[in-house]
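What follows is one structure encoded as structure tokens, with my remarks underneath.
The values are calculated or read from the model by the stated rules, or taken from the named source; none is laboratory data. This is a predicted model, so every value here is computed, not measured. No Cβ is skipped: glycine too gets one built from the backbone with ideal geometry, and neighbour counts run over all protein chains shown. The protein model used for the area step is the full one, side chains on, heavy atoms only, and it has no ligands, DNA or RNA in it. Shrake-Rupley method; radii C 1.70, N 1.55, O 1.52, S 1.80 Å.
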Amino acid sequence: MPVFRLHKKLIFPPVQLAEPDGLLAVGGDLSVERLLLAYHSGIFPWYDEPPILWWSPDPRFVLFPEDLRVSSSMKQVLKKQSFRISFNEDFAGVIARCSRIPRTGQSGTWITPEMQEAYIRLHKAGHAMSVECWQDDQLVGGLYGVKTGAFFFGESMFAEVSNASKAAFITFVQTYAHELTMIDCQVHTEHLASLGAGFITREEFLEIIGFS
């Protein structure tokens, strides 16, 4: 199937036309309007150099709040209150730290300055949020993503000390469980699988977010 090239018109091709690896389109921009359309359509940007690449993988890796798994050791970590967890206290700091964390099998980062600026704009517009994990008043872990309605589309997380990102993620899910239907984790990681995330088909994903 062809990979579609986007131009100025605010539109995406049907996600069913994506390549087997999930690649759907190239080009376009990272405006607030286009990013929101992408997430509402089951699409997200992911690239390390221009052009922008847009993806809609099948299957999709997600977490339903009721499926969250908290190990006995993590329960003890949270009980000790070794960390302070906050929301939206330092969005720019979280995304900057996420961009600097080494990733297995990656020589660079996909969270480029352009991506950081785009998501900071989303945050200022009220569509993106961060979760911070503090230890001794130092930012040591966290995550950020796009929150729209009953859905959270996770983008990235980081930890500079053991269990920091897990503490942030678990606290986030438990705090927002009453209003979230699903957390999109995009692609598989062992880290999130250990917390209860699993695969659903792209068709199921689109039905849940109301786009099919």
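Observations, loosely collected:
- The criterion of at least 2 residues that are assigned by the TED database to the domain that holds ARG34 and not charged (D, E, K, R) is met by none of the strands (runs of 3 or more DSSP E) falling completely within the stretch 124-168.
- Boolean, LEU35 is within 19 Å of HIS7 (Cα to Cα), surrounded by fewer than 21 Cβ atoms within 10 Å (Cβ to Cβ) and of a type outside the set (Phe, Trp, Tyr): no
- The residue that is surrounded by the fewest Cβ atoms within 10 Å (Cβ to Cβ), among those in the stretch 128-151 that are touching a helix residue (DSSP H, G or I) at 6+ places or on another chain (Cβ under 6 Å) and under 17 Å from SER31 (Cα atoms), is VAL146.
- Count of the stretch 195-211 residues which are modelled with pLDDT of 95 or more, open to solvent by 30 Å² or more (accessible area, probe 1.4 Å) and over 13 Å from ILE43 (Cα atoms): 5
- Yes/no for ASP21 being open to solvent by 80 Å² or more (accessible area, probe 1.4 Å) and either within 28 Å of LEU139 (Cα to Cα) or touching a Phe, Trp or Tyr at 6+ places or on another chain (Cβ under 9 Å) (or both): yes
- Filter pass, SER71 being in contact (Cβ under 8 Å) with a residue 24 or more places away in the chain, closer than 24 Å to SER130 by Cα, open to solvent by less than 50 Å² (accessible area, probe 1.4 Å) and out of contact with any helix residue (DSSP H, G or I) (no Cβ under 6 Å at 6 or more places or on another chain): no
- Screening LEU180 on (1) part of a helix (DSSP H, G or I); (2) farther than 23 Å from ASP21 by Cα shows it passes everything except condition (1).
- Every test in (1) within 20 Å of ILE85 (Cα to Cα); (2) in contact with a strand residue (DSSP E or B) (Cβ under 7 Å, 6 or more places away or on another chain) is passed by LEU122 save one, and that test is (1).
- Some residue of the stretch 39-56 being out of contact with any strand residue (DSSP E or B) (no Cβ under 7 Å at 6 or more places or on another chain), under 26 Å from MET182 (Cβ atoms) and among the small types (Gly, Ala, Ser): yes
- Residues located in the stretch 12-30, provided they are in contact (Cβ under 8 Å) with a residue 24 or more places away in the chain and in a loop (DSSP other than H, G, I, E, B): PHE12, ALA18, ASP21, GLY22, GLY28, LEU30
- The lone exception for LYS80 - which of (1) free of Cβ contacts under 8 Å to residues at least 60 places away in the same chain; (2) crowded, with 22+ Cβ neighbours inside 10 Å it fails: (2)
- Counting the residues of the stretch 1-11 that are open to solvent by less than 70 Å² (accessible area, probe 1.4 Å) and part of a loop (DSSP other than H, G, I, E, B) gives 1.
- Pairs are defined by a Cβ separation below 8 Å, a sequence spacing of at least 6 or placement on different chains, a first member in the stretch 113-139 that is among the aromatic types (Phe, Trp, Tyr), and a second member that is open to solvent by 60 Å² or more (accessible area, probe 1.4 Å); the pairs so defined are TRP134/ARG84.
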